[in-house]
Amino acid sequence: MDNKRKISKKRLQMGEEAWSEYQRQRKNNKSNRYRLNNSEKVISSRRKKKKALVEYKGGKCERCGLKSEICDIYDFHHIDPNKKEFGISQNGKNFSLEKLKVEADKCLLVCKNCHAVIHYEINQKRIHELRNKSLLDFNSATGQNLSYQEFTERKEKIIKQVCTECKEDIKTGRKRCKICHEKYIDKKYTGPTKDQLIEDLALFKNNKSAIARKYNVSSTSVSHWIKVRYKL
Ligand SMILES: [Zn+2]
Ligand SMILES: [Zn+2]
Ligand SMILES: [Zn+2]
């Protein structure tokens, strides 16, 4: 609490405008320094992990057999999306190699080209199944009581559903495809960087409400940053 009073005093002396500029500068310097010191380390460790995983999965596309030294051409396609815990290329980079291997066991190693074809085929199949669904099946599966007219309109709407950003076909009930959704969430995020949050936790002695006040968010958001976003 003593700490907090000291900060407020400094803030009072500086005035609100100078204070927020000072905070902004400090935040930038700190995260730039972190990025400079760690970027090479982070990138090379991620690359090494991906290379190890590609080798673990046989080192070639499991659909067309393409073999390449360039790991970037490969994706991990989850055979059963229900068993997917995380996307290996998107958010798996910070997990241990052992954990990544467990996830990779649920996947096909495919080149980006084949991956696109696989998802195109999955989507075509989904549309085909929906087209062939009867009114009776639909009503009993959804617990609704649609007329034939309503049912046909609903079907067409679902079939034509596309991502608002990239216009890819998506499942009903969503605005964006998974990839665009992740990008959207990232863009919307205005909270602290990981480095800044660690600094705040030390500064405010793990007081989440104090951090919440600093960023003008709820304590729940702060807990989310700590546990989910940065896994501190
Ligand atoms: Zn392939
Ligand atoms: Zn896939
Ligand atoms: Zn999209």
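Quick note: the coordinates plus some simple rules give every number you see, no bench work behind them. Quick caveat: nothing in here was measured; it's all calculated off a predicted structure. Virtual Cβ from ideal backbone geometry, glycine too; neighbours counted across all protein chains shown.
Ser140 to Asn82: FRET efficiency via 1/(1 + (r/R0)^6), r the Cβ-Cβ distance, R0 25 Å, to the nearest 0.05?
Details: r = 22 Å, r/R0 = 0.89.
It comes to 0.65.
Only counting other Cβ atoms within 10 Å, I'd like Trp19, Trp225 sorted with the fewest neighbours first.
Numbers: Trp19 15, Trp225 23.
Result, fewest neighbours first: Trp19, Trp225.
Net charge near His181, counting Lys/Arg +1 and Asp/Glu -1 over other residues with Cβ under 9 Å of its Cβ? Don't jump to the answer; show the numbers that get you there.
On the way: positive: Arg174, Lys175, Arg176, Lys178, Lys183; negative: Glu165, Glu182.
Counting the neighbours of His181, the net charge comes to +3.
Can you give the net charge of the other residues whose Cβ lies under 14 Å from the Cβ of Thr220, counting K and R as +1 and D and E as -1? Walk me through the numbers before you get to the answer.
Numbers: positive: Lys208, Arg213, Lys227, Arg229; negative: none.
With Lys, Arg at +1 and Asp, Glu at -1, the net is +4.
Compute the long axis of helix 178-188 from its Cα atoms, compare it with the longest principal axis of the Cα atoms of the chain, and write down the angle in degrees, 0 to 90, nearest 10.
For helix 178-188, the angle is close to 20 degrees.
For segment 152-232, which trypsin sites (Lys or Arg not before Pro) are in a loop by DSSP, counting at most 13 other Cβ atoms within 10 Å?
Details: sites: Arg154, Lys155, Lys157, Lys160, Lys167, Lys171, Arg174, Lys175, Arg176, Lys178, Lys183, Lys187, Lys188, Lys194, Lys205, Lys208, Arg213, Lys214, Lys227, Arg229, Lys231; in loops: Lys160, Lys167, Lys171, Arg174, Lys175, Arg176, Lys205, Lys231.
For trypsin sites (Lys or Arg not before Pro) across segment 152-232 that sit outside H, G, I, E and B with at most 13 neighbouring Cβ atoms in 10 Å, the list reads Lys160, Lys167, Lys171, Arg174, Lys175, Lys205, Lys231.
Please give the contour-minus-distance gain from Arg229 to Ser96: 0.36 nm per residue of separation, less the Cα-Cα distance, rounded to one decimal in nm. The partial results should precede the final answer.
On the way: separation 133, 0.36 × 133 = 47.88 nm, distance 1.69 nm.
Roughly 46.2 nm would be gained on extension.
Kindly put Ile43, Ile127 in sequence by how many other C-beta atoms sit within 10 Å of each C-beta, fewest to most. Mind showing how you got there, number by number?
Details: Ile43 11, Ile127 15.
By the 10 Å Cβ count, ascending, the order reads Ile43, Ile127.
Could you check the spin-label model distance between Lys205 and Glu40? Points 7 Å from the Cα along Cα→Cβ, value in nm.
Label-label distance for Lys205 and Glu40, simple model: 4.1 nm.
I need the calculated FRET efficiency for the pair Lys194 and Arg126, taking r as the beta carbon distance and R₀ as 35 Å, to the nearest 0.05. Walk me through the numbers on the way to the answer.
On the way: r = 38 Å, r/R0 = 1.08.
That gives a FRET efficiency of 0.40.
Using a 7 Å offset from the Cα along the Cα-to-Cβ direction at both Ser147 and Ser89, what is the distance between the two label points in nm, to one decimal?
If labels sit at Ser147 and Ser89, their model points lie 4.7 nm apart.
Rounding to the nearest 10 and keeping the result within 0 to 90°, find how far the Cα-based axis of helix 112-132 lies from the longest principal axis of the chain.
60
Would you order Leu201, Leu100, Leu135 from fewest to most other beta-carbon atoms within 10 Å of each residue's own beta-carbon? Walk me through the numbers before you get to the answer.
On the way: Leu201 18, Leu100 21, Leu135 15.
Least crowded to most crowded, the residues run Leu135, Leu201, Leu100.
With a cut-off of 12 Å, note down the residues of segment 137-167 whose backbone N falls inside the zone around a label point 7 Å from the Cα of Lys175 toward its beta carbon.
164-165
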